[in-house]
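**Q** Can you keep this structure in mind? I'll have questions shortly.
The values are calculated or read from the model by the stated rules, or taken from the named source; none is laboratory data. Keep in mind that what you see is a predicted model, and the values were worked out from it rather than measured. A quick note on method: Cβ atoms are made from the backbone with ideal geometry, for glycine too, and the neighbour counts reach across all protein chains shown. All accessible areas refer to the heavy atoms of the entire protein, side chains included, with ligands and DNA or RNA removed. Shrake-Rupley method; radii C 1.70, N 1.55, O 1.52, S 1.80 Å.
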Amino acid sequence: MPLALLALAVSAFGIGTTEFVMMGLLPNVADDLGTSVPTAGYLVSAYAIGVVLGAPLLTGLGSRIPRKRMLLLLMALFTVGNLASAFAPGYGWLLAGRVLAGLPHGAFFGVGAVVAARLVPDGRQARAVATMFLGLTVANIVGVPAATLLGQHLGWRATFMVVAVIGLAAMAALARLVPQIPREAHQDVRHEIRALGNRQVVLGLLTAVLGFAGVFAVYSYLSSMTTEAMGFGESSVTLVLALFGIGMTLGALAAGPLTDRALRPTLYGSLAALSVVLVVFPFAAHVKWAALVMVVLLGAVGFMTTTPLQMLVMNKAKDAPTLASASNHSAFNLANAGGAWLGGVAISAGWGWTSPALVGAALAVAGLAVAVTAGVLDRTPGTSRIVAGGTAVRDERKAGVH
């Protein structure tokens, strides 16, 4: 694999760390700024809002900028957002800093996924994209626990300072390792918007919103489930979150080659497996060893959906994949917000701490239904099918993908 993928993975590591670390720092931030934990919780939503708004906006504004320069500009904005968070004088300024840090998230992964796919030969593109995403999964194993521990001992501002340093290191790696990627002659915002209107792209984004919401319905409350349902002490929360991150990494490693081999079957299989794991989760949660196994499986099958969905929208957007790719991350963050909200509704209704898993199972089944519907529509006579490598195939049986 090209060294440029390492630069993309380092960038993803920094982004993943700042995205999820706030969940572990909420009590510290609330105490320091004199607000409540629920109010501080809006800082998590602020980042997601930045992602949702920034993905289409910054991708559109940067459509004529060479991809390498765009990656550097986005990582610079990410670094500034984390510095603004570190030096925020009050809650309102920190809220603004979180939105600013979230703005480049979707656009960076959108452009980065296109660059990663261009760096390798056909047939290895999904593996290249999955390698970039490994930085995001490793952040959940190492970055988030370490940054949370740092914030608890040296203050939450120190955490965002360190993330800003990671951003600077990522910029240096991008500048040195990523080659210049020629801009396509047709690369402009209007062309990208037209590609985004493709029916298969829309169905792919809807699959991401519904399917991945099933993961976040549980992940958002995993800390509370650890102590309230699984019977572990508070000191075990970091371990459980790290196990989820290990599962995510295993899922990313498996998703790349599987998606290169058969895109839609990988998507169907991961969503079906996610549905099963979420149904079993409430029953296994009360047996400690089984609960830990289910946490790893949830991370694995949940994250296995990301690479095929990313490749699907990129392929179906054909010659203008950047905006579709970035919008996929807006979809994932809508899934984050929607899954967390619906999981919270279930808990507030008195259905128990593990009830979000059943809500998540219903969402995963809905995502699978949309994905299967999209697959059926894609197999209509006379319609070419695009597999992970980007080749249009008229005869699907000859392509070996069903």
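**Q** Out of L43, L119, I need the residue that is crowded, with 19+ Cβ neighbours inside 10 Å and either free of Cβ contacts under 8 Å to residues at least 12 places away in the same chain or more than 29 Å from L177 (Cα to Cα) (or both). Which one?
**A** L43
**Q** Being assigned to a helix (DSSP H, G or I), more than 22 Å from the chain's Cα centre (by Cα) and either modelled with pLDDT under 85 or of a type outside the set (A, V, I, L, M, F, W, C) (or both), is that true of even one residue in the range 201-222?
**A** Step one: list which residues in the range 201-222 are assigned to a helix (DSSP H, G or I), which gives 201-219, 222.
This time we only want the ones that are more than 22 Å from the chain's Cα centre (by Cα), so: none.
No, every residue in the range 201-222 fails to be assigned to a helix (DSSP H, G or I), more than 22 Å from the chain's Cα centre (by Cα) and either modelled with pLDDT under 85 or of a type outside the set (A, V, I, L, M, F, W, C) (or both).
**Q** Among what's in the range 309-341 and is open to solvent by 30 Å² or more (accessible area, probe 1.4 Å) and within 19 Å of the chain's Cα centre (by Cα), pick the residue that is nearest to A255 (Cα to Cα).
**A** If we take residues in the range 309-341 being open to solvent by 30 Å² or more (accessible area, probe 1.4 Å) and within 19 Å of the chain's Cα centre (by Cα), then L334 is nearest to A255 (Cα to Cα).
**Q** So, of the residues in the range 14-40 that are in a helix (DSSP H, G or I) and open to solvent by 50 Å² or more (accessible area, probe 1.4 Å), which turns out to be farthest from V237 (Cα to Cα)?
**A** D32
**Q** In addition: Output the number of residues of the range 229-243 satisfying the condition of being at pLDDT 90 or above and either under 15 Å from the mean Cα position of the chain (by Cα) or part of a helix (DSSP H, G or I) (or both).
**A** Residues in the range 229-243 being at pLDDT 90 or above and either under 15 Å from the mean Cα position of the chain (by Cα) or part of a helix (DSSP H, G or I) (or both): 1 in total.
**Q** Same structure again: Only one of L298, L271 is under 19 Å from G375 (Cβ atoms), hydrophobic (A, V, I, L, M, F, W, C), surrounded by 24 or more Cβ atoms within 10 Å (Cβ to Cβ) and at pLDDT 95 or above. Can you tell me which?
**A** Among L298, L271, only L271 is under 19 Å from G375 (Cβ atoms), hydrophobic (A, V, I, L, M, F, W, C), surrounded by 24 or more Cβ atoms within 10 Å (Cβ to Cβ) and at pLDDT 95 or above.
**Q** So, one more: Quick check on G247: is it open to solvent by less than 20 Å² (accessible area, probe 1.4 Å), of a type outside the set (A, V, I, L, M) and under 21 Å from the mean Cα position of the chain (by Cα)?
**A** yes
**Q** Which residues, taken from the range 161-178, are more than 16 Å from H105 (Cα to Cα), in contact (Cβ under 8 Å) with a residue 12 or more places away in the chain, assigned to a helix (DSSP H, G or I) and not basic (K, R)?
**A** First, the residues of the range 161-178 that are more than 16 Å from H105 (Cα to Cα): 161-162, 165, 169, 172-173, 175-178.
Now narrow it down to the ones that are in contact (Cβ under 8 Å) with a residue 12 or more places away in the chain: 161-162, 169, 173, 175-178.
Still in the list and also assigned to a helix (DSSP H, G or I): 161-162, 169, 173, 175-177.
Correct list: M161, V162, A169, A173, A175, L177.
**Q** Within the range 1-13, track down each residue that is of a type outside the set (V, I, T) and open to solvent by 10 Å² or more (accessible area, probe 1.4 Å).
**A** M1, P2, L3, L6, A9, F13
**Q** Now, a different point. Could you list, ordered by first residue, the pairs with Cβ atoms under 6 Å in which the first is in the range 122-144 and under 14 Å from L8 (Cβ atoms) and charged (D, E, K, R) and the second is open to solvent by 40 Å² or more (accessible area, probe 1.4 Å) and at pLDDT 85 or above, at least 6 apart or interchain?
**A** Listed by first residue and then by second, the contacts come to R127/P257.
**Q** Okay, next question. So is L278 surrounded by fewer than 24 Cβ atoms within 10 Å (Cβ to Cβ), assigned to a helix (DSSP H, G or I) and in contact (Cβ under 8 Å) with a residue 24 or more places away in the chain or not?
**A** no
**Q** For the range 244-275, which residues satisfy the criterion of being in contact with a helix residue (DSSP H, G or I) (Cβ under 6 Å, 6 or more places away or on another chain) and basic (K, R)?
**A** Matches in the range 244-275: R264 only.
Yes/no per residue for (1) more than 16 Å from Y219 (Cα to Cα); (2) modelled with pLDDT of 85 or more:
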| residue | (1), (2) |
| --- | --- |
| G343 | no, yes |
| S348 | yes, no |
| G367 | yes, yes |
| P381 | yes, no |
| R385 | yes, no |
| A392 | yes, no |
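**Q** Return the residues of the range 46-75 that are more than 18 Å from the chain's Cα centre (by Cα) and open to solvent by less than 60 Å² (accessible area, probe 1.4 Å); say none if nothing qualifies.
**A** Of everything in the range 46-75, those that are more than 18 Å from the chain's Cα centre (by Cα) and open to solvent by less than 60 Å² (accessible area, probe 1.4 Å) turn out to be G60, G62, S63, I65, P66, R67, K68, M70, L72.
**Q** Would you call V80 open to solvent by 10 Å² or more (accessible area, probe 1.4 Å), in a helix (DSSP H, G or I), more than 21 Å from G338 (Cα to Cα) and among the β-branched types (V, I, T)?
**A** yes
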